[in-house]
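Have a look at the structure below before the remarks.
The values are calculated or read from the model by the stated rules, or taken from the named source; none is laboratory data. Small disclaimer: the values here were computed from a predicted structure and weren't measured. With ideal geometry, Cβ positions are generated from the backbone for all residues, glycine too; neighbour counts draw on all protein chains shown.
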Amino acid sequence: MMEAKVIRWGDDLAVRLSSAEAEELGIREGETVEIVSKRPVPPEPQQWAGRRYVNGLPVYTLEDMVAEMRRLGPDFEPPTVDWGPDVGSEIIDDDDSR
């Protein structure tokens, strides 16, 4: 088994191999390699199976977030805020024919 050190390269991380290690592995610059982590990947909770991901992060809908808040209980529900009466463009006249 061969090990390589992960180093910082600007804002990114990179795996650095010596030229001898690369030759031993038979890889060249620009090739795609598969990296296997020693850490076990935690299983995805069943309720999030089939979730859409962007940049490796799950995308949640408002419905998902409200359901999770309710599942966690009343301590996780935000307080209702009364901002006072509507003024200016906040006023909506439902009877307006426009």
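Listed residues Ala22, Ala67, Ala49; which is out of contact with any Ser or Thr (no Cβ under 7 Å at 6 or more places or on another chain), farther than 18 Å from Glu3 by Cβ and at pLDDT 80 or above?
Testing whether each residue is out of contact with any Ser or Thr (no Cβ under 7 Å at 6 or more places or on another chain), farther than 18 Å from Glu3 by Cβ and at pLDDT 80 or above leaves just Ala67.
For the range 67-98, enumerate the residues that are in a loop (DSSP other than H, G, I, E, B) and surrounded by 10 or more Cβ atoms within 10 Å (Cβ to Cβ). I'd like the intermediate steps shown before the answer.
Let us first name the residues in the range 67-98 that are in a loop (DSSP other than H, G, I, E, B), namely 73, 77-87, 91-98.
Within the range 67-98, just Glu77 meets the criteria.
Inspect the range 71-83 for any residue being touching a Lys or Arg at 6+ places or on another chain (Cβ under 7 Å), at pLDDT 85 or above and not small (Gly, Ala, Ser) and give the result as yes or no.
no
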